[in-house]
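Here the structure is laid out as structure tokens; the discussion comes afterwards.
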Amino acid sequence: MQEAKISLEYLFELKHTSDEDPDLEMNRQRRKTENQKRVAERGQWASKTEYLLVAAGNVVGLGNVWRFPYLCYKNGGGAFLVPYGLLAVVFGIPLFLLETSVGQYTQEGFVTCWRTLCPLAQGIGFGMLIITLCYFIYILIEAWALFYLVFSFRSQLPWASCENTWNTANCLGLHPSNSSNVSAHQTNTTSASTEFWERRVLGMSGGIEELGSVRWELALCLLACWVFCYFCIWKGVKSSGKVAYFTAPFPYVMLIVLLIRGLTLPGAWDGIYYYLYPDLSRLANFQVWIEAGSQICFSYSLTAGTLNVLASYNEYNNNCYKDCFWLCLLNSGTSFVAGFVVFSVLGFMAQKQGVTVDNVVESGPGLAFIAYPQATAMMPFPQFWTVCFFLMLILLTVDTHFMIVESFITTVTDLFPKLFRAPLRHRIFVLIICVSSFLVHLPLVTEGGVYVFQLIDFYGSTRACQNFMAICECVALGWIFGADRLNNIIEDMTGHRPSVFFKLCWKYVIPLLSLISLIMYLVDYKHLRINDWYVYPDWAYALGWTMTLSSVLMVPLWAAGQICLTAGTFRQRLSVLCRPVEDPAWKGRDMGDEGTTVELKTSAVTA
């Protein structure tokens, strides 16, 4: 009651000040001018189209092409769509809206936005910063795809035969009945595509202890990828927005071409049947629901900070509420269509080899760099289909990767605006990040590099990090900042007030589901293995858990540090650190309606 009384007195005082203060209009104009200057320094999307293209390119990536179809196959075919669809509604879309609305409201990166909304929770942003650095390694997939693309123009695809210098005596070429991965394993032989991947591309050593020498061809591909990344983002959103006009739509052209071709292949419908046939008994398996939630989080780019950064370059009055639904629908729709592309080809491959679909499908790099190239080598005009596939793979990776790097650079720039925001300094900073990242990633293109890649991929952005960050975001915004206040902000920005459903998801559903998933991950945790036979040394597992904890522990450590450094009693410190530093609702708007801003301030006190 006392807080409500204070807020009413504040509102009454401010109203009378607004009526009597002759300098109020001057103050409004000053604040508007300051905001325009800030936007000019930081940058903004040139149009709504640029934002949608870049956002679509960011959320539609490798997870749609190789992870979603495999999870459907592994977890009951069409039955997997039930938990996936349900969790997309109660988990994916609400969290997507939360992150984009926060970015658009504060117009800050994913660290400084927490300083504005809830200083106590700024550790979430620093944790995301560490996760983003781990995501940098996915440029290696782009380098692998570029390597394959170069070899795709040869008159004979090198992964189709055993007549190469890197092949062993146990190699099997492409024959209708005896060159599958499974039959190869049973007869102590390996397929030509597997040998090309392991011996020619990777030059795999015996383990992470044997890094060996740098594969100079892969290093050149990696360098080319980082050079391209630099020129995509060197001018910030001014350059990345223009690049997206090509990199975002073109993969869909390739996807449609491959879909049409896949559906016309013999045996394609066997693969599609395997993809969609519902095994409803799998719905009783709790692990299926956990993997559906993990796929939503990974595919929608949640808890990574990129959504905050992308939305922070929007105008204040952009309808992020509507954008959220369309982008989530596009992402899930792309995943569903990609399943037809992958499994139609795997059905064709299974028929050619005389085996069932479950004996040729693999997840992750095995699907993209062993199974699919082997399948295209069996088709008429194999070079054309291989080029289409790897072009699509490269462009899917490019979009996601350069926005990950851009979100990191934006966040650091917002932390030190005077140091990095000037155009020349910004370009030098981007160059330093790209060059240093290339040098740091050179161990990834050594003979033992794939072991390092798998270790970072498994531990640096594990489900534990995603779930913990989702819990912290919802607690900080749904409970401390206030779900009602967040709804007021979204209504003020878009003119549409989210339904009470979103409030329930932010405060109860998402934290509860994330907590259950986190507990299940810890209970069922198993050490990372490669090809079910290679076990990492103990120091590697310790290094992996260090990467996981380095992002997770940032949240409580930052909160504890802030509490210790803030003056006052413990209760006063919490009160200061849980209160928004400023109210930026006037940013990007005409300041003619002060009443809305006052309403937000008042609700901030009473929430």
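Quick note: the coordinates plus some simple rules give every number you see, no bench work behind them. From a predicted model like this one, the values you see are computed outputs, not experimental measurements. When we count neighbours, we look across all protein chains shown, and the Cβ atoms used for this are built from the backbone with ideal geometry, even at glycine.
Side notes on the structure shown:
- Residues His527 and Asn188, FRET efficiency given R0 of 25 Å [Cβ-Cβ distance, rounded to 0.05]: 0.40
- Residue separation of Ala169 and Leu419 scaled by 0.36 nm, minus their Cα-Cα distance, works out to 84.1 nm of gained length.
- Computed from backbone phi, the HN-Hα couplings of region 555-569 come to 5, x, 5, 5, 4, 5, x, 5, 5, 5, 8, 7, 7, x, 6 Hz, rounded to whole numbers (Karplus: 6.51 cos²θ - 1.76 cosθ + 1.60, θ = phi - 60°; Gly and Pro given as x).
- Förster radius 41 Å - calculated FRET efficiency between Leu439 and Ser47, Cβ distance, rounded to 0.05: 0.70
- Against the chain, whose longest principal axis comes from its Cα atoms, helix 24-42 is set at around 20 degrees.
- Our coupling estimate for region 306-321, obtained by passing each phi through the Karplus curve with A = 6.51, B = -1.76, C = 1.60 and θ = phi - 60°, is 5, 5, 4, 5, 4, 6, 5, 8, 7, 5, 4, 8, 4, 7, 5, 5 Hz, Gly and Pro reported as x.
- Note on Trp326 and Thr569: the extension gain reaches 82.8 nm, defined as 0.36 nm multiplied by sequence separation minus the Cα-Cα distance.
- Site pair Ala560 and Val535 shows an inter-label distance of 3.4 nm when each label is modelled 7 Å from Cα along Cα→Cβ.
- Under the shape rule built on the C-alpha gyration tensor, where the axes satisfy a ≥ b ≥ c, region 100-165 is prolate, since a/c reaches at least 1.5 and a/b is greater than b/c.
- Peptides 57-70, 491-504 ordered by average Cβ neighbours within 10 Å, highest first: 57-70, 491-504
- With the biggest extent put first, the Cα atoms of the chain measure 90, 55, 47 Å across the principal axes.
- 5 Å-binned pair-distance histogram of region 406-502 (Cα, whole percent): 2, 10, 11, 11, 13, 15, 15, 12, 7, 4, 1, 0
- Estimated at 0.36 nm per residue, the fully extended path between Val257 and Ile432 surpasses their Cα-Cα distance by 59.1 nm.
- Per-residue Karplus couplings for region 129-136, computed as 6.51 cos²θ - 1.76 cosθ + 1.60 with θ equal to phi - 60°, are listed in order as 4, 5, 4, 4, 4, 5, 5, 4 Hz, Gly and Pro entered as x.
- Environment charge of Tyr321, counting only residues whose C-beta is closer than 11 Å and scoring Lys/Arg +1, Asp/Glu -1: 0
- Here the label points at Glu315 and Lys74, each 7 Å from Cα along the C-beta direction, are separated by 4.5 nm in the simple model.
- Estimated [θ] at 222 nm from DSSP helical runs (n ≥ 4, -39500 (n - 2.57)) normalised by residues in the chain, nearest 500: -20500 deg cm²/dmol
- Amide H partners (placed H, <5 Å) of Thr446, local residues excluded: Arg215
- Separation in nanometres of the label points that stand 7 Å from Cα toward Cβ, at Glu209 and Leu504: 5.6 nm
- Under 5 Å between amide hydrogens, built in the peptide plane, is the criterion, and for Cys171 it picks out Thr190 among residues at least 5 positions away or on other chains.
- For region 193-275, a/c is not less than 1.5, where a ≥ b ≥ c are the root eigenvalues of the C-alpha gyration tensor, and a/b does not top b/c. That puts it in the oblate class.
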